[in-house]
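Taking it in order: structure first as structure tokens, then the write-up.
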Amino acid sequence: MALDGGPLGPIEINIGADGYGYAVSNTPAAIKADGTQLQNALIGISTTTGLIQATVRVGAYSGVVLGYPPGSATPNGQNYLPFSGLYAGYLSLVLTPHLTISAGQLGTPEGFESAQDWNNYSIYHSEIAFVEPAQSRGINASGSYGAINGVIQLDDGYYTKRLNYLQWLLTYTASPALSVTINGASHIDTTGPNVTGIGNLLYNNSSLYGGWVTYAANNFTVTPEIQYEYTNAIRRYQPAELLAGSAANFTSAVFADYGFAKTPYSLGGFLEYAAETPAHRDGAAGDYFGYGPGTTLWGAAVTPTWQYKNLFARTDFAFIHINKGAGGINAQLSAIAEIGLLY
């Protein structure tokens, strides 16, 4: 929705809200196997002209990751928004149509999937998104040159409030049907366990690299993505907190979506595989995925969607197989029915 902001110029307002009911099999003890909840409720306000522009998004958001009951799928039980109701808030200096510098609370450049499920082919996020940071506080520069677009960002990574995590992304658009993206992130200095946010040595001191290719033809879009993350040994905080050896994880997925022509229906989803190699001892963080050291898994989600103007409804049917897990979880079936409204 566009408004006249007077001296601020045109103002754009975006509103989104959705909720769902879910059912999950083989949940750990004390975790609900079914229920209903509000998923997202966000309001975004941004100025769209001038040298200095502002963006603010407030509300609540909780991501759903395949293999985790709703409300539990973030590192160490943290939420994607661990600080406040401010989902994003930053000022942008628009130097040219091809170069912008922004500072504040920003989204991560990493990964094909959006933090908001309504931008994705599936309600569920993959394990790729699970191991990435989400909202971070810092500064970034984004620019374009011909068919190349890029972002470089210095921020606090996994919510540590320490400006020592460098992220970058580069996309080459070969044609309207084909684009190639590579991305990466790495810590600049060692972050210890005593930080505001997630005091997780494994995540806070990690480096990750990945990329994806998107191909679109007619009503069909497919995106294969791979990502590799590792953390070197950290012995600075022993004996109470240390990583006695290096650890790593590999995550991969193929995302796809098909829109049925001249109808409000589409069919999306993904197929994923992930594996981790744990450190010999990790007193601070455990493993990357949260199922126990050395986990491998594969999963799939299928998502039929109906959309009419600003209203959408969809279901998600998913299965995941885990080779090792807390509470004896080896396989899990889940279903979600979601309805939402976007302006």
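Just so you know, all these numbers are worked out from the coordinates, no wet-lab data involved. Bear in mind the structure is a predicted one, so any value in this text is a computation, not a measurement. With ideal geometry, Cβ positions are generated from the backbone for all residues, glycine too; neighbour counts draw on all protein chains shown.
Given the rule -39500 (n - 2.57) for each run of at least 4 DSSP H residues, summed and divided by the residues of the chain, what is its mean residue ellipticity at 222 nm, to the nearest 500 deg cm²/dmol?
Rounded to the nearest 500, the figure is -500 deg cm²/dmol.
For a footprinting-style exposure proxy, rank His98, His125, His187 by other Cβ within 10 Å, fewest first. Don't jump to the answer; show the numbers that get you there.
Numbers: His98 12, His125 26, His187 20.
Starting with the residue having the fewest Cβ neighbours, the order is His98, His187, His125.
Taking a spot 7 Å from the Cα of Ser207 along the direction of its beta carbon, which residues of segment 166-193 have an amide N less than 15 Å from it?
Those under the cut-off are 166-168, 183-191.
Please work out the Cα convex hull volume for the chain and give it in Å³ per residue.
Dividing the Cα hull volume of the chain by its residue count gives 132 Å³.
Tell me, in nm to one decimal, what length is gained between Val180 and Ala23 on full extension, where the rule is 0.36 nm per residue of separation less the Cα-Cα distance?
Length gained, Val180 through Ala23: 52.9 nm.
Tell me the label-point distance for the pair Ser144, Thr96, using the 7 Å Cα-to-Cβ offset, in nm and rounded to one decimal.
1.4
Going highest first, how would you order 147-153, 297-303 by mean Cβ packing within 10 Å? Write out the running numbers ahead of the final one.
On the way: 147-153: 16.4, 297-303: 21.1.
Result, highest mean Cβ count within 10 Å first: 297-303, 147-153.
Counting only the backbone N, which residues of segment 199-225 are under 13 Å from the spot 7 Å out from the Cα of Asn232 toward its beta-carbon?
Residues 205-207 qualify, since their backbone N sits under 13 Å from the label point.
Please compute the contact order of the chain in relative form: average sequence separation of alpha-carbon pairs under 8 Å and at least six residues apart, divided by the residue count, as a percent.
Worked out over the chain, it gives 14 percent.
For the chain, give the magnitude of the charge dipole about the Cα centre (Cβ charges: +1 Lys/Arg, -1 Asp/Glu; no others), in debye to the nearest 20.
Working: 12 positive and 22 negative charges, 48 e Å.
Taking the Cα centre of the chain as origin, the dipole is about 220 debye.
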